[in-house]
Amino acid sequence: MNSAFYIILMKLGEATGLGAQFSGASPAISLGIIVLAVLLCFFGIKIFRPTSSAIMFLMTALFLTFAMRKISMGQIVTAFTVIGLIMAAITYKWYRLSAFIIGLFIGFSITAPLVDNFWINVSVGIALGIIANIFPVMAVMVMTSVWGGLYAVLAGIELLGINASVFITLILCAAAAFAGIVVQYLLTKQLLSLPLKERRLAAFS
């Protein structure tokens, strides 16, 4: 099961001529994303801003690598390192952009394995990004729990080669997502009792 993180990394590997090395490291990359999924499932509201910053850095790197492909790779790496870090810092600082990016990432990651259409995947991601801005605490909490639970279970089963039935897989996904929502609710229940404007300020200050 591929997430937006995995897809971006593989595309970046191809664009920089390191496709073989990235493909060889695929199991390690998949394991790293599973760890990220578990962390987002249970602590998404706490770590979504650095996660969004990392996603923005990778998207900037991928965009600049393709946009500047006629110049030397050294110049490209310098450019995407500097500009990528600036964009990552802006994303972390501006909570609205952080919420939008995490919604975009989750929407794309959920639909990509189901629908082989880039624009549909992006459209779903944009919709979730907008929702994450309208309901910044609840939406981020639910989105990260659901995606984290789904990805951790499905990718874990795939990586370990476990032959689980569809019913058992669905039960495990639902249980993981529910557990994540419960844990994140316990971490944010005081915030959820505040009015929306105060909740936003308290959560992302």
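The values are calculated or read from the model by the stated rules, or taken from the named source; none is laboratory data. Just so we're clear, the structure is a prediction, and the values are computed from it rather than from any experiment. Cβ: placed from backbone, ideal geometry, glycine included. Neighbour counts: every protein chain shown.
List of remarks:
- Any hit, the range 139-157, residues being more than 16 Å from Leu40 (Cα to Cα) and touching a helix residue (DSSP H, G or I) at 6+ places or on another chain (Cβ under 8 Å): yes
- Filtered residue count, the range 97-131, keeping only those that are touching a Ser or Thr at 6+ places or on another chain (Cβ under 9 Å), within 17 Å of Cys41 (Cβ to Cβ) and free of Cβ contacts under 8 Å to residues at least 40 places away in the same chain: 1
- Residue check for Ile33: surrounded by 16 or more Cβ atoms within 10 Å (Cβ to Cβ), at negative phi, under 16 Å from the mean Cα position of the chain (by Cα) and of a type in the set (A, V, I, L, M): yes
- In the range 37-89, of all residues being surrounded by 15 or more Cβ atoms within 10 Å (Cβ to Cβ) and of a type in the set (Lys, Arg), the one that is farthest from Ser145 (Cα to Cα) corresponds to Arg49.
- Test: residue in the range 29-37 that is modelled with pLDDT of 80 or more and over 25 Å from Leu128 (Cβ atoms): yes
- For the range 159-191, a tally of residues being at pLDDT below 90 and either part of a loop (DSSP other than H, G, I, E, B) or surrounded by 13 or more Cβ atoms within 10 Å (Cβ to Cβ) (or both) returns 10.
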